[in-house]
Amino acid sequence: MPAPQLALAAIEGAVNRLLSLDPETVSRLSKLAGKQLAVNIKELNMTVVVAFSDRIDLLLPDESVLEKSSDKQDEWDCKITLSLWSIKELQDPSRITQLIKQDKLDVQGDMQIAQDFSSLMKELEIDWEEHLSHYTGDVIAHQVMKTGKKVHETALSQLQKLGKMISEGAIEEKKVAAPAIAVVHFSDQVHQVRADVERLQSRVDIIAAKLKD
Amino acid sequence: MTEQTSSSTTHFGFKQVESTQKASMVADVFHSVAAKYDVMNDLMSVGIHRLWKRFTIDCSGVRPGQKILDLAGGTGDLTAKFSRLVGPKGQVVLADINESMVKVGRDKLRDMGIVGNVNYVQANAEELPFPDNHFDVITIAFGLRNVTDKDKALASMYRVLKPGGRLLVLEFSKPTNEQFAKAYDWYSFNILPKIGQIVANDGDSYQYLAESIRMHPDQATLEGMMQDVGFEQTSYHNLTGGIVALHRGFKF
């Protein structure tokens, strides 16, 4: 069974289902219709193409397609090459220039397509209560959502409490972890040592060059 | 290699029939199964045929504005996706020799809202009614097996393909593992016709399906046939242990 196709079909189905739940999707997608965005993930050595129309199609081009496209700069409207580890950082648009400089992100073609796609997913506003009410009726849907929110908030607050308790226990009582301030101080010291070593290295290089002359 | 065993007879499943009769006999099979075609495909392959078709589209390298021929397009699974990928400036032609299949495909796609860049043509793969060098991509999924003269059909596809274009043939093939092949044979001849009888009320058509798969050329033979008519850089990719193979060839 072609497993990557199975995974992609599942993701494609889920994404389109989500998009269909927001009535604003149609107008947002129309801006992207006819465009193709290729996303290359370095660690997986894998390129996924997102093709936009009145919905989203995900393609997994095989080697022959990729070989052919490498000869043509304009094969995709936009191509992004990124590392798995930088995906989270991409959520902050102000980090993009820095990521490009650090070679963690490479963008070719029309960057606007990637930004529009990101907005499309971020700005999804789904009225879950409204959709649920089609199956259960308004009253039950309202109660379910109200209870769901309460459970979510309680779980979140309990998790925060638990996290705080574990963190205090590890730092203050068991002394198996360092407090945040100590970690920052240690990082500063490491940076200082690195800078000192680099300075020393340049001095040694200068002396070595003089001795050679 | 050609399917014709002598000048006047050919295979129809395991039977020998007059070459001139095969097209109408295959047509009868598909007239009979057209209405339940999608349900049966899902049942027989446990839905995996959708992944095989996805893989075919992944290998097509299709771009907006291109012209695609979905030959033996049946109920339009490939056409639906191609239509979105080529966009309003592109064109997809769903061609099938069988009128019932074209009708079912056209109704299904129109119900899905797929209109504008799709044309429907009832056409014989051996004598395609299109100009030379016309299409960027040609696909034939689970159709070549039923064609009487495969060499003629491949040559016809070569003629209508643009230089630089590619042909993708998705077809049942020979499983690569012997034990797996035995289990697959047992399933094909014992279970498959029964499912056909229960769901489509037509066991004979599905008996033909199983037989026609066994009579179809294996991976290497089909690749050779593609090369013989002029396709270059040919290759094939086995899917699900070789139950199905995707053959690919380019015209330069």
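Mind telling me which of the residues A:MET145, A:MET121, A:MET165 ends up being surrounded by 10 or more Cβ atoms within 10 Å (Cβ to Cβ), in a helix (DSSP H, G or I) and in contact with a Leu (Cβ under 8 Å, 6 or more places away or on another chain)? A:MET145 is the lone residue from the list that is surrounded by 10 or more Cβ atoms within 10 Å (Cβ to Cβ), in a helix (DSSP H, G or I) and in contact with a Leu (Cβ under 8 Å, 6 or more places away or on another chain).
Filter the stretch A:36-45 down to the residues that are in contact (Cβ under 8 Å) with a residue 24 or more places away in the chain and not acidic (Asp, Glu), then identify the one that is nearest to the other protein chains (Cβ to nearest Cβ).
The residue in question is A:GLN36.
Evaluating B:MET101 against the criteria (1) touching a residue at least 60 places away in the same chain (Cβ under 8 Å); (2) more than 14 Å from chain A (Cβ to nearest Cβ); (3) surrounded by fewer than 20 Cβ atoms within 10 Å (Cβ to Cβ) leaves one unmet condition, (3).
Can you tell me how many residues within the stretch B:184-203 are of a type in the set (S, T, N, Q) and in a loop (DSSP other than H, G, I, E, B)? So the answer is 1. If the condition is being over 21 Å from B:MET44 (Cα atoms) and touching a His at 6+ places or on another chain (Cβ under 6 Å), then the stretch B:196-222 contributes only B:LEU222. Residues that are among the hydroxyl-bearing types (Ser, Thr, Tyr) and surrounded by 14 or more Cβ atoms within 10 Å (Cβ to Cβ) were ranked within the stretch A:11-59; the one that is modelled with the lowest pLDDT is A:THR25. The selection criterion, being without any contact (Cβ under 8 Å) to a residue 60 or more places away in the chain and more than 26 Å from B:TYR206 (Cα to Cα), does not hold for B:PRO163.
Consider the stretch A:168-187 and keep the residues that are exposed (fewer than 10 other Cβ atoms within 10 Å of the Cβ) and assigned to a helix (DSSP H, G or I). The one that is farthest from the chain's Cα centre (by Cα) is A:GLU173. On the stretch given as the stretch A:1-35, residues that are among the polar types (S, T, N, Q) and within 14 Å of chain B (Cβ to nearest Cβ) total 4.
Taking A:LEU8 as the residue in question, decide whether it is outside any helix (DSSP H, G or I) and either surrounded by 15 or more Cβ atoms within 10 Å (Cβ to Cβ) or touching a residue at least 60 places away in the same chain (Cβ under 8 Å) (or both). For A:LEU8, the condition - outside any helix (DSSP H, G or I) and either surrounded by 15 or more Cβ atoms within 10 Å (Cβ to Cβ) or touching a residue at least 60 places away in the same chain (Cβ under 8 Å) (or both) - is not met.
Give the number of residues within the stretch B:185-229 that are of a type in the set (A, V, I, L, M) and over 20 Å from B:HIS247 (Cβ atoms).
Start the filter on the stretch B:185-229 by keeping residues that are of a type in the set (A, V, I, L, M), which leaves B:191-192, B:195, B:198-200, B:209-210, B:213, B:215, B:220, B:222, B:225-226, B:229.
Adding the requirement that they be over 20 Å from B:HIS247 (Cβ atoms) leaves B:191-192, B:195, B:198-200, B:210.
Total satisfying the criteria: 7.
If you go through the stretch B:46-79 and pick out every residue that is more than 9 Å from chain A (Cβ to nearest Cβ), at negative phi and aliphatic (A, V, I, L, M), you end up with 4.
When B:TRP52 is tested against the conditions (1) farther than 22 Å from A:ALA3 by Cα; (2) crowded, with 21+ Cβ neighbours inside 10 Å, the lone failure is (1). Of the residues that make up the stretch A:146-156, is at least one in contact (Cβ under 8 Å) with a residue 60 or more places away in the chain, within 30 Å of A:SER27 (Cβ to Cβ) and not hydrophobic (A, V, I, L, M, F, W, C)? No: zero hits. Among all residues of the stretch B:121-132, there is at least one that is free of Cβ contacts under 8 Å to residues at least 40 places away in the same chain, among the acidic types (Asp, Glu) and more than 29 Å from B:MET25 (Cβ to Cβ).
So that you can scan it fast, the table gives a plain yes or no per residue for (1) assigned to a loop (DSSP other than H, G, I, E, B); (2) touching a Ser or Thr at 6+ places or on another chain (Cβ under 8 Å):
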{"residue": "B:VAL93", "(1), (2)": "no, no"}
{"residue": "B:VAL102", "(1), (2)": "no, no"}
{"residue": "B:GLY105", "(1), (2)": "no, yes"}
{"residue": "B:ASN119", "(1), (2)": "no, no"}
{"residue": "B:GLU126", "(1), (2)": "no, yes"}
{"residue": "B:ASN133", "(1), (2)": "yes, no"}
{"residue": "B:ALA155", "(1), (2)": "no, no"}
{"residue": "B:LYS162", "(1), (2)": "no, no"}
{"residue": "B:ARG166", "(1), (2)": "no, yes"}
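The values are calculated or read from the model by the stated rules, or taken from the named source; none is laboratory data. No experiment lies behind these values; they were computed from the predicted model shown. Every residue, glycine as well, gets a Cβ built from its backbone with ideal geometry; the counts of neighbours run over all protein chains shown.
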